[in-house]
1. Is it the case, given these coordinates, that Leu108 is of a type outside the set (D, E, K, R), open to solvent by 30 Å² or more (accessible area, probe 1.4 Å) and at pLDDT 95 or above?
2. Testing Arg89 on (1) open to solvent by less than 70 Å² (accessible area, probe 1.4 Å); (2) farther than 21 Å from Ala11 by Cα; (3) out of contact with any Pro (no Cβ under 6 Å at 6 or more places or on another chain), one condition comes back false. Which one is that?
3. Residue by residue through region 78-106, note down the ones that are of a type in the set (Gly, Ala, Ser), over 23 Å from Gln130 (Cβ atoms) and touching a residue at least 24 places away in the same chain (Cβ under 8 Å).
4. Within region 5-22, can one find any residue that is part of a loop (DSSP other than H, G, I, E, B) and crowded, with 16+ Cβ neighbours inside 10 Å?
5. Go through region 117-135 and give me each residue that's in contact with a Leu (Cβ under 8 Å, 6 or more places away or on another chain) and of a type outside the set (A, V, I, L, M).
6. Hey, among the residues in region 35-44 that are open to solvent by less than 80 Å² (accessible area, probe 1.4 Å) and either in contact with a helix residue (DSSP H, G or I) (Cβ under 8 Å, 6 or more places away or on another chain) or in a loop (DSSP other than H, G, I, E, B) (or both), which one's nearest to Val8 (Cα to Cα)?
7. Out of curiosity, is Lys116 modelled with pLDDT of 95 or more, open to solvent by 80 Å² or more (accessible area, probe 1.4 Å) and within 25 Å of Lys147 (Cβ to Cβ)?
8. Could you pull out the residue among Thr127, Thr122, Thr140 that is among the hydroxyl-bearing types (Ser, Thr, Tyr), under 12 Å from Val31 (Cβ atoms) and open to solvent by less than 80 Å² (accessible area, probe 1.4 Å)?
Amino acid sequence: MRCVIQKVTRAEVSVAGETVGKIEDGYMVLVGAEDGDTESDARYCAEKIAGLRVFEDANDKMNLSLADVGGSVLLVSQFTLLADARHGRRPDFIKAARPEVAEPLCELVKAIIEQKGVHVETGRFRTHMQVSLVNDGPVTILLDSRKTF
C-alpha cells in the first residue's frame, strides 16, 4: 500500500461539484492499494499516518502528531499511485489492487486512524474527484507498506 501524506492547513475533495470531504489543519492522504496487499498493509499505513510527528512543537521542531494538535485526515483513494511509468509514455496500472479489494482496505485504514482518536473525512471511491489543498511547509511524506522506497 502506498500513501502520499501532505501536511495541510486545509484540504477538500469534491465530486460533481459537491464537497464530500473537507478538513482544516491535518493531513491530506492519497492512498493506493497494491495487488497482494492485506489488512497488515492497511494497519501499517494507518498506524504510521496517525503516529507521524511532523507538526512543530514550542521549539519549532517537528515533534507533534495529529492527536497532539487536534488535526484531521482527508483520505482519498488513488489507484494511480501504483502506476509504472518506466516504459513508454502511457503508465501501466497492473500493480493496483482491484476495486473490490482496494475499497475495503481503504476503509480499514480510515477505521484504524479513527480508532486512534483522529477525525477522518474521505473522498468517494471509484468516482472522478477534484482535490484542493494548501500544503503547509511544504511537508510531503511518501509511505509504502512494502518499504520499497
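1. The answer is yes for Leu108.
2. Going through (1) open to solvent by less than 70 Å² (accessible area, probe 1.4 Å); (2) farther than 21 Å from Ala11 by Cα; (3) out of contact with any Pro (no Cβ under 6 Å at 6 or more places or on another chain) one by one, Arg89 breaks only (1).
3. Within region 78-106, Ala97 is the sole residue that qualifies.
4. no
5. Glu121, Thr122, Gly123
6. My answer is Ala42.
7. Answer is yes for this residue.
8. Just one listed residue meets the conditions, Thr122.
The values are calculated or read from the model by the stated rules, or taken from the named source; none is laboratory data. Everything numeric in this text was worked out from a predicted model, so none of it was measured. Using ideal geometry, Cβ is built from the backbone for each residue, glycine included, and neighbour counts are taken over all protein chains shown. The accessibility values were calculated without ligands, DNA or RNA, using every heavy atom of the protein model including side chains. Shrake-Rupley method; radii C 1.70, N 1.55, O 1.52, S 1.80 Å.
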